[in-house]
Each structure stands twice: as C-alpha cells, then as structure tokens.
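Take a look at the structure below.
The values are calculated or read from the model by the stated rules, or taken from the named source; none is laboratory data. Note that the structure is predicted; figures quoted are calculated from it, not measured. Don't worry about glycine lacking a Cβ; one is built from the backbone with ideal geometry, like all the others, and counts go over all protein chains shown.
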Amino acid sequence: MLNNLAVSVLQNRMSEIIYGRNATREVLRAKRRHIHKLILADHVEPATIIDEILALAKQAKVQVQRWPRLKLDNLAKSHQGVAIEVGAYPMVTIEDVLARATQLNELPFILVPDHLEDPHNLGAILRTAEIVGVHGVVLPQRRAVDVTPTVVNVSAGAAEHVWIVQVANVVQTLKKLKKANVWIVGVENTAASLAYHQANLTGAIALVVGNEGKGMSHLVAETCDFLIKIPMRGQIESLNASVASSLALYEVWRARQFA
C-alpha cells in the first residue's frame, strides 16, 4: 500500500505508481494509460514475467529506471521489485459501455457496485468482472473507493482492461439503463429475493451489489427490477462482498453462455 507522503507527491504530479509484477504487465498490455516510466529494483531476480515486462516496455518506448529496493519499499510494500508510473485511470461513459456491447454483438453485461469502501473488495470484484466479460463497471463518484493503485494490484492488473464509469447518481444511471432495455438485478438476501440459479439472467443485465456493511441503499434496491440471493446453509448470515459478487457474476455468465 502506498504511504501518505508518496500519495501526496504523486497526486501533485498528476500521476501515480502502480506496483506489482502482474499489475505492471497489464498496464503495459492494456495500453490505456499514459506511461511515464517503468521502475525496477536493483538486482531484481530474473523471471519470465520480468522479461515480458521489459519487452513490452521496449515496444512502447517506455523509459526504464533502476531504483534501490529501499526506495521502492518507501513507495509500496508489495512491489515485487517492479512498479510503473502512469497517468490517470481512463474513465468512460455509460454510452461507451453500451456501444461496446453492441460492437461485440452481445447483450449488455454491466456491474454496479453500490458504494463499496474496501479497495481489496473492489480489486477482487474487478478481477472477476474482467474474466467473465463484463462490458463495464459503474462506480459512484462519492462515498466509494476509487480505482487506486491498491485496487489495480489486488485485481492482478485486471482493472486496467475493465471499462469503468464514474457517476454522480447511481439511481439515475440505473434508470438510463432501463430505458436501454437493460434489466437491473440486485444481489440482496431478502425474503422476496430469488435464488440466483432460479432467476432468468440470460438477457441484458446490470448486476447491482451492495456496500460491505449496509448492503444496497433503499433507493437503489427500489430501482432494481428484481433481487437475487446466494443460497446459504451455514451459521454465518452473509458472504464477503467480493465473494458474493463473484458468485453472482459467474451465474450471469453461465446463464448467458448456455441460454
């Protein structure tokens, strides 16, 4: 995780440090950010992924710097000897996401985390979202975690390939999706919720998952066309937000694959 001094310095320069081998490689593979420089720790051990990162950097004509490991340690704890300084994350619009689905000749598949606060949860969710082919992720602009270096690192770089929309009002965005014939499906454990394997998830879907502690807001839940839940039989009443989201995402993907 970046320390406060590093965050302050990098924000002032309108750039940030992405750290970790997988995350760095995916930044270079995705080619969506402006890249300032690649940073390798002195005496970093040879590895196939290091060779791949260096080849990608050479192809993109990215400057490579060698830093003392202690200097990298002061920026990030889990850097694995590799980091990359980049520009801001490239956000898109909800119209871009819908157009992307159309270009791929697919029904829209959208994820809407409702005010998640834990970067580790968001990173894990974005990793699953990328794997199952989500066309876009909608994040609130306020009172929610942003796409930070920690999120990118936890996602193993998958966040760099995901199209993300930041919106001022989640409910208004869901209503806009409804007008585009997208079904709004909330993941919430209520008496009225359908077991996720019993619901029809084969169409155009925006899957809404709630906050880690409070779940979905009342207005967001009211906007959903229907709710689904993950069946449970143990003593614990709820799943971790990233686990519940991943299960629901895979169920939507499975339903659409075999429809």
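Miscellaneous remarks
- Of the helices (runs of 4 or more DSSP H) lying entirely inside region 20-138, those containing at least 3 residues that are modelled with pLDDT of 95 or more and within 30 Å of VAL171 (Cα to Cα) are 94-103, 119-131.
- Selection count where residues are basic (Lys, Arg) and at pLDDT 75 or above, scope region 229-247: 1
- Counting only residues that are in contact with a helix residue (DSSP H, G or I) (Cβ under 7 Å, 6 or more places away or on another chain) and without any contact (Cβ under 8 Å) to a residue 40 or more places away in the chain, region 162-206 holds 1 of them.
- Any hit, region 218-227, residues being touching an Asp or Glu at 6+ places or on another chain (Cβ under 6 Å) and touching a residue at least 60 places away in the same chain (Cβ under 8 Å): yes
- Subset tally (residues that are under 19 Å from PRO149 (Cα atoms), surrounded by fewer than 18 Cβ atoms within 10 Å (Cβ to Cβ) and touching a helix residue (DSSP H, G or I) at 6+ places or on another chain (Cβ under 8 Å)) for region 23-70: 3
- Test: residue in region 163-184 that is at pLDDT below 85, of a type outside the set (A, V, I, L, M, F, W, C) and surrounded by fewer than 17 Cβ atoms within 10 Å (Cβ to Cβ): no
- The set of residues in region 13-59 that are under 17 Å from the mean Cα position of the chain (by Cα) and on the phi > 0 side of the Ramachandran plot comprises GLY20, LYS31.
- ALA191, sole failed condition from (1) farther than 24 Å from ASP118 by Cα; (2) among the aliphatic types (A, V, I, L, M); (3) surrounded by 15 or more Cβ atoms within 10 Å (Cβ to Cβ): (3)
- When region 1-19 is filtered for residues that are among the hydroxyl-bearing types (Ser, Thr, Tyr) and at pLDDT 90 or above, only TYR19 remains.
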